[in-house]
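The block underneath contains the structure these notes are about, expressed in structure tokens.
The values are calculated or read from the model by the stated rules, or taken from the named source; none is laboratory data. Keep in mind that this is a model prediction, so the values were computed, not measured. Glycine gets a Cβ as well: all are built from the backbone with ideal geometry, and neighbour counts include every protein chain shown. Keep in mind that these areas ignore ligands, DNA and RNA; they rest on the heavy atoms of the full protein, side chains included. Shrake-Rupley method; radii C 1.70, N 1.55, O 1.52, S 1.80 Å.
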Amino acid sequence: MSNDTDTESNESTSNCGAKTDTSSDSGSKCGASSSDDSSSSKCGGSSSSDSSSNCGSSSKKETTEEKVGATVDDFDADPGQLIAVGLGPGHPEGMTQRAKDALLEADHIVGYTTYIELIPDEITEQAEDIYDTPMCGEVSRTEESVDRTLAGNDVAIVGSGDPNVYALAGLALEILESKGATASMVEFEVVPGVPAAQSCGARLGAPLVNDTVSISLSDHLVPMPEIESRLHAAAKESFTITIYNPWSRKRRENFQKCCEILLTHRDPETPVGIVHAAGREDEEVMITELGELEDLGESEIIDMTTTIVVGNEETYVWDDRMVTPRGYETKYDY
Ligand SMILES: C[S@@+](CC[C@H](N)C(=O)[O-])C[C@H]1O[C@@H](n2cnc3c(N)ncnc32)[C@H](O)[C@@H]1O
């Protein structure tokens, strides 16, 4: 099973963070003062001796293990641009033209290895540097992207779907702020991508055309009792519910609890759509009923690359498609 998520990573064991070397060097940690050295990357990274890093392994292109890190005052260069780019579901046709252009314009592309591998070769080959972290967490990766930007590089930090949906756009702004920088200083921009809920909804038919709530079952950042109370609130009302981060070996119990909560408010026959790896080679789609969902937790279709769509009271299945009426039938004859 793939592990396509930020939340499986263990931040506390990450050795990729720029924080590891902030105290050791009074000068720029990115060679930012060498403004004449315009032909090469402005990420000197010589400040870090982190040779034991388990990050930055190569994917399509030679990657770097060089690290940078500091507060805004440690950088002498004019900051570059920082763009959070949403790649959409996975296939190149699912990327927006704006996303492709933003990646082509970036000097450095930063992201989780799985996401970097989703980017077409002709784009990654144009980049001066790719920084991908297969095992390290989203905080160190995002901090790396901010540091590289403050060092004068134009940086794109990428993620699947949309950068505003359980992703790194907000973290990038928070880290910029914590370093004493500003969003305008780095011309921070978010390039939207198609979120998993929409990609998966498209595979299932039309389940999302009325009010919808998204809930992530990842308890990495939000405690499980809070997730449970959100599930109760959403299931009690007439929302279609999209469930992100539904299952992992460590989260078996979260998934079971989620199914229990849904069944306390919704009929066991409520249609449920399950989409694994939308837009990727191993895509799988299933439409089932809420009463069957818990048992499917142990099957391959539900893992951390799956999004589950739980219909509302009016959702029905017609010709293998989930349909959630918008309400037109109450006003119009057709
Ligand atoms: C950390 S969230 C990132 C969401 C992403 N920013 C978005 O807009 O879709 C990761 C979760 O998104 C969902 N997901 C991401 N890509 C998916 C895909 N191709 N097919 C189905 N679900 C996907 C899964 O629920 C996964 O656990």
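If you go through the range 147-171 and keep only what is farther than 29 Å from S199 by Cα and assigned to a helix (DSSP H, G or I), you end up with D147, R148, T149, L150. With respect to the conditions (1) assigned to a helix (DSSP H, G or I); (2) in contact with an Asp or Glu (Cβ under 9 Å, 6 or more places away or on another chain); (3) more than 13 Å from the ligand (Cβ to nearest atom), E174 falls short on a single one, namely (2).
Can you pull out every residue in the range 82-112 that is charged (D, E, K, R) and more than 11 Å from V155 (Cβ to Cβ)? Those that are charged (D, E, K, R) and more than 11 Å from V155 (Cβ to Cβ): E93, R98, K100, D101. When S248, S229 are checked against the criterion of being modelled with pLDDT under 95 and either more than 16 Å from the ligand (Cβ to nearest atom) or under 24 Å from the mean Cα position of the chain (by Cα) (or both), S248 stands alone in meeting it. Taking the range 64-146 as the region of interest, the strands (runs of 3 or more DSSP E) fully inside it that hold 2 or more residues being in contact (Cβ under 8 Å) with a residue 60 or more places away in the chain, more than 30 Å from R203 (Cβ to Cβ) and not polar (S, T, N, Q) are 129-133. If only residues of the range 319-331 that are open to solvent by 100 Å² or more (accessible area, probe 1.4 Å) and at pLDDT below 95 are counted, the one that is nearest to L204 (Cα to Cα) is Y328. Each residue in the range 294-311 was checked for being aliphatic (A, V, I, L, M) and part of a loop (DSSP other than H, G, I, E, B), and 3 pass. Taking the range 261-293, which residues are within 22 Å of Q198 (Cα to Cα), of a type in the set (A, V, I, L, M, F, W, C) and either outside any strand (DSSP E or B) or open to solvent by 60 Å² or more (accessible area, probe 1.4 Å) (or both)? Those that are within 22 Å of Q198 (Cα to Cα), of a type in the set (A, V, I, L, M, F, W, C) and either outside any strand (DSSP E or B) or open to solvent by 60 Å² or more (accessible area, probe 1.4 Å) (or both): L262, A277, A278, V285, M286, L290, L293. Hey, any hits in the range 312-320 for a residue that's in a loop (DSSP other than H, G, I, E, B), in contact with a strand residue (DSSP E or B) (Cβ under 9 Å, 6 or more places away or on another chain) and within 16 Å of the ligand (Cβ to nearest atom)? No. Annotation: V165 fulfils all but one of (1) out of contact with any Asp or Glu (no Cβ under 8 Å at 6 or more places or on another chain); (2) away from the ligand (no atom under 16 Å from the Cβ); (3) in contact (Cβ under 8 Å) with a residue 12 or more places away in the chain; the unmet one is (2).
For beta carbons closer than 8 Å, sequence separation of 6+ or different chains, a first residue in the range 188-214 that is within 8 Å of the ligand (Cβ to nearest atom) and a second that is small (G, A, S) and open to solvent by 30 Å² or more (accessible area, probe 1.4 Å), the qualifying pairs are G193/S160; A196/S160; A197/S214.
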